[in-house]
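Asks: Structure incoming, see below.
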């Protein structure tokens with residue numbers, strides 16, 4: 001079916017261009033490294049203090065890095081006006097949305113995986129037991145971030161002042177993701193029993209489902225007149 | 001446009017009247033005196049006195065609603081005999097409002113009730129901040145609508161379509 | 001059969017009306033050339049007909065399908081060669097062709113792509129990244145895309161800019177081929193010398209208003 | 001279209017809305033400031049409630065109107081509905097700002113703090129941010145059709161998000177500040193209820209009146225500019241055409 005073909009080709013295109021240019025992932029990683037550095041200067045911490053604030057630092061860094069990646073996702077479509085070609089695809093625009101979400105999710109998730117060891121090293125974290133849970137949290141939160149972010153990326157790329165408007169519109173919307181991700185990460189890093197913070201994982205999952213569906217539907221109006 | 005200004009003039013007059021009424025109401029019923037003013041005030045008039053219970057002077061059956069203490073405000077002090085409903089905020093070093101009469105023969109203030117300290121400032125602030133921007137916003141919009149109507153009429157752009 | 005029919009289309013950007021009350025009918029097998037100075041609204045009209053923008057007022061039909069409701073079917077049968085070539089800098093020519101056609105639901109064979117690239121004269125650069133292409137080569141590649149797509153309705157925005165003499169001839173040859181296969185072509189251009197040989201009807205768009213002009217008037221230069 | 005008929009019919013009663021709003025608010029102010037007794041616990045400060053709570057309710061109502069209007073717009077693509085949405089967003093932003101400001105003034109004497117990360121305050125703040133983002137977004141797009149479409153998408157997304165934000169902040173708050181601050185002791189007695197009702201009805205009427213005025217304002221603005229634009233292009237045409 002052409003719907004799934006479109007999804008596949010969009011993902012293929014984003015991955016191939018990224019593998020060749022390495023623009024998005026490398027800029028995201030370096031930006032995040034700088035954020036980590038600045039944070040570690042701003043709070044000189046022992047291990048106990050680190051446990052209190054590290055979850056917040058991780059997610060602030062991931063959110064801003066994610067915004068960089070999401071912004072690039074559609075501003076790359078501006079070269080040679082490619083976005084118009086996407087608008088003229090004779091298929092439901094939801095296919096493009098799903099393809100872009102998949103690609104964005106992949107980029108942000110890869111960057112998170114690359115960065116997390118840095119946090120572990122710089123802030124002396126002890127994570128061996130909770131690593132699978134942390135991965136689950138990263139997975140759910142990143143999915144939520146890219147589900148909303150892809151829509152807003154497509155929306156802001158077609159207006160003036162796009163670099164400013166993406167974070168201004170996106171960050172208030174992902175407040176639940178941020179709260180839930182920070183609380184769940186804090187719980188996992190503290191080694192709390194899962195039932196103490198499983199509600200946050202549920203919240204993330206609910207957010208993901210609701211916003212993937214709503215954004216899928218709304219993307220039609222963003223990409224098509 | 002004239003009717004617009006007339007309407008808003010009427011609203012302004014109503015607002016001023018309401019402000020005056022509120023002001024006089026609060027002067028009459030809720031204004032408080034300092035202890036020295038209460039002493040100077042006549043004998044038979046009920047007044048509201050604002051002051052702080054001086055530390056170490058509270059005596060008597062406080063829970064039962066019978067107590068004596070000294071009320072202090074800046075440098076003037078009066079002794080107070082409280083007799084009334086059991087108070088739940090009568091403590092030492094507490095600032096409060098006493099309602100009662102000055103008893104000149106015993107040189108003591110006989111309080112029959114305790115009121116809360118009134119924070120006019122907050123109430124006034126909230127009403128002003130809540131309502132004035134709304135009024136200004138609405139006035140500006142109505143005025144602009146009137147101006148637009150006139151512009152459309154005078155510039156002969158308007159024809160019935 | 002009518003390929004493009006638009007009735008009373010207007011379009012405003014903010015406070016400025018770009019197109020005013022445009023009505024236009026193009027039959028199959030016809031090539032309509034749209035002339036006019038810069039900023040006359042040619043590109044806006046093409047973008048509206050390409051279903052990229054919604055007119056502020058008015059409606060249009062392409063191949064008998066309502067342009068506001070049956071966009072998907074229209075898009076499958078129409079191609080818009082715009083000013084931007086719709087190419088990705090980091091993909092090579094073949095990948096760009098495959099991607100663009102896959103989004104349209106078509107899967108050209110490797111041989112077809114090779115043939116099309118040869119026909120537009122860039123077969124030698126098939127494996128080269130678009131980043132290193134010149135503007136004319138990009139235009140030729142976009143033309144190759146259109147050759148593979150074989151659309152019934154072809155919208156061209158300034159098709160001859162950036163093309164050399166040989167490229168112009170390939171473009172005209174392709175337009176003739178579409179017309180002979182009963183396709184309809186609407187193109188905007190300001191180069192009447194290059195457009196004249198293939199034009200069957202012409203119009204002048206000025207300050208948002210469209211006026212049809214005769215082919216004789218096109219030959220004399222007084223209009224321009 | 002139906003909506004046009006409805007709007008025209010409602011528009012005819014615009015004056016009634018305005019007059020009703022003025023009467024209700026004046027009555028509410030009189031009863032609230034003079035005619036009603038002070039609260040047992042909060043004293044005179046309870047009077048702030050008569051202006052704060054109606055503002056807060058109305059701003060929530062404004063958001064609901066905004067999102068319903070946005071859905072309607074995406075469905076019917078009616079420019080007047082878009083004018084209405086634009087109007088309601090600006091009015092909603094003002095009501096939300098004032099609700100937050102009066103809430104802060106109320107919080108200082110009752111909770112002894114200007115600001116607390118209470119679920120309701122936090123979600124109102126985020127709602128205000130979404131509304132301001134909405135208004136900013138609208139200024140950054142030239143094509144009015146696109147502007148209306150994108151704004152509607154943002155409003156609908158915000159509508160879906162607001163309950164989730166509220167719940168997440170609520171959970172988060174119960175984790176960090178267990179019940180130390182709460183609305184204590186405001187029992188809804190008739191002495192409070194009457195001025196509150198008066199002000200609530202008055203504020204809702206005022207909101208509707210403002211909405212009508214502002215929709216009219218934006219509509220006239222659009223009309224005037226469209227006419228001017230058309231006149232301008234005709235003027236150019238007559239100059240360039242021999």
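Throughout, read-outs are computed from the coordinates displayed, never taken from laboratory work. Because the structure is a prediction, the values reported are computed rather than measured. A quick note on method: Cβ atoms are made from the backbone with ideal geometry, for glycine too, and the neighbour counts reach across all protein chains shown.
Asks: Just need log10 I(q)/I(0) for the stretch B:32-115 at q = 0.19, 0.21, 0.25 Å⁻¹, Debye formula, equal scatterers on the alpha-carbon atoms, no solvent, rounded to two decimals.
Replies: The calculated log intensity ratios at q = 0.19, 0.21, 0.25 Å⁻¹ are -0.72, -0.89, -1.29.
Asks: Where does chain C land at 222 nm, in deg cm²/dmol rounded to the nearest 500, when only DSSP H runs of n ≥ 4 count, each adding -39500 (n - 2.57), divided by all residues?
Replies: -9500 deg cm²/dmol
Asks: Now a separate question. For residue B:99, project a label point 7 Å along Cα to C-beta. Then give me every residue of the stretch B:45-63 with its amide nitrogen under 20 Å of that point.
Replies: Counting backbone N atoms under 20 Å from the label point, the list is B:45-53, B:63.
Asks: Project the alpha carbons of the stretch D:78-133 onto their principal axes and report the range along each, largest first, in whole Å.
Replies: 48, 16, 13
Asks: Could you compute the FRET efficiency for residue C:217 and residue C:54, with r as their C-beta to C-beta distance and R0 at 35 Å, rounded to 0.05? Display every interim value, and only then the final one.
Replies: Working: r = 33 Å, r/R0 = 0.94.
Here the calculated transfer efficiency is 0.60.
Asks: In degrees between 0 and 90, to the nearest 10, how far off the longest principal axis of chain A does helix A:162-173 point, with axes built from Cα atoms?
Replies: Orientation of helix A:162-173: about 60 degrees from the principal axis.
Asks: Below 8 Å, C-alpha to C-alpha, sequence gap of six or more: please give me the relative contact order for the stretch D:1-157 in percent.
Replies: Relative contact order, the stretch D:1-157: 23 percent.
Asks: Residue A:30 to residue C:181: FRET efficiency via 1/(1 + (r/R0)^6), r the Cβ-Cβ distance, R0 51 Å, to the nearest 0.05?
Replies: 0.45
Asks: Kindly identify chain A as rounded, prolate or oblate by the Cα gyration tensor criterion: order the square roots of the eigenvalues as a ≥ b ≥ c, call it rounded if a/c is under 1.5, otherwise compare a/b with b/c, prolate if a/b is larger, else oblate.
Replies: Verdict is prolate for chain A.
Asks: What is the helix-to-structure angle for A:47-75, meaning the angle in degrees between its Cα long axis and the longest Cα principal axis of chain A, kept from 0 to 90 and rounded to the nearest 10?
Replies: Roughly 10 degrees, rounded to the nearest 10.
Asks: What's the center-to-center distance, using Cα atoms, between the stretch B:104-149 and the stretch D:57-105 in Å?
Replies: Result: 27 Å between the Cα centres.
Asks: At a threshold of 8 angstrom on Cα-Cα distance, excluding pairs fewer than six apart, so keeping six or more, what relative contact order does chain C reach in percent?
Replies: About 29 percent, as a whole number.
Asks: Tell me, rounded to the nearest percent, the portion of alpha carbon pairs in the stretch B:66-161 spaced more than 20 Å apart.
Replies: Of the Cα pairs, 63 percent sit more than 20 Å apart.
Asks: Restricted to Cα positions, what overall size does chain C have along the principal axes? Three whole-Å values, descending.
Replies: Answer, in whole Å and largest first: 46, 41, 36 Å.
Asks: Can you sort D:142, B:88 so the residue with the fewest Cβ neighbours within 10 Å comes first?
Replies: Neighbour counts put them in this order, fewest first: B:88, D:142.
Asks: Follow-up. On the first, second and third principal axes, largest extent first, how far apart are the outermost C-alpha atoms of the stretch B:1-69 in Å?
Replies: Per principal axis, max minus min of the Cα coordinates gives 69, 28, 20 Å.
Asks: Next up: Do me a favour and compute the ellipsoid semi-axes for chain B from its Cα gyration tensor, root of five times each eigenvalue, largest one first, whole Å.
Replies: Values for chain B, descending: 56, 16, 11 Å.
Asks: With an 8 Å Cα cut-off and a minimum separation of 6 or more residues, compute the relative contact order for chain A in percent.
Replies: Contact order relative to length: 28 percent.
Asks: Using alpha carbon centroids, what distance separates the stretch A:121-140 and the stretch C:170-224, in Å?
Replies: 65
Asks: What shape does the stretch C:92-176 take by its C-alpha gyration tensor, where a ≥ b ≥ c are the square roots of the eigenvalues and a/c under 1.5 counts as rounded, a/b above b/c as prolate, and the rest as oblate?
Replies: Working: a/c = 1.60, a/b = 1.13, b/c = 1.42.
The shape class here is oblate.
Asks: Considering every pair of different Cα atoms, what Kirkwood radius, in Å, is found for the protein assembly as shown?
Replies: 32.1
Asks: Between the helical axis of A:131-156 and the dominant principal axis of chain A, each derived from Cα atoms, what acute angle in degrees is found, rounded to the nearest 10?
Replies: It is inclined by approximately 40 degrees.
Asks: Then there is this: Springs between alpha-carbon atoms under 10 Å, Gaussian network over chain A: tell me which of A:122, A:109, A:152 tops the mean-square fluctuations.
Replies: For chain A, modelled as a Gaussian network with Cα springs under 10 Å, the answer is A:122.
Asks: Further, regarding this structure: Can you compute the modelled spin-label distance between residue B:136 and residue D:64, with each label point 7 Å from Cα toward Cβ, in nm?
Replies: 3.1
Asks: Moving on to the next point. Given R₀ = 25 Å, FRET efficiency for residue C:107-residue A:78 by Cβ-Cβ distance, to 0.05?
Replies: 0.40
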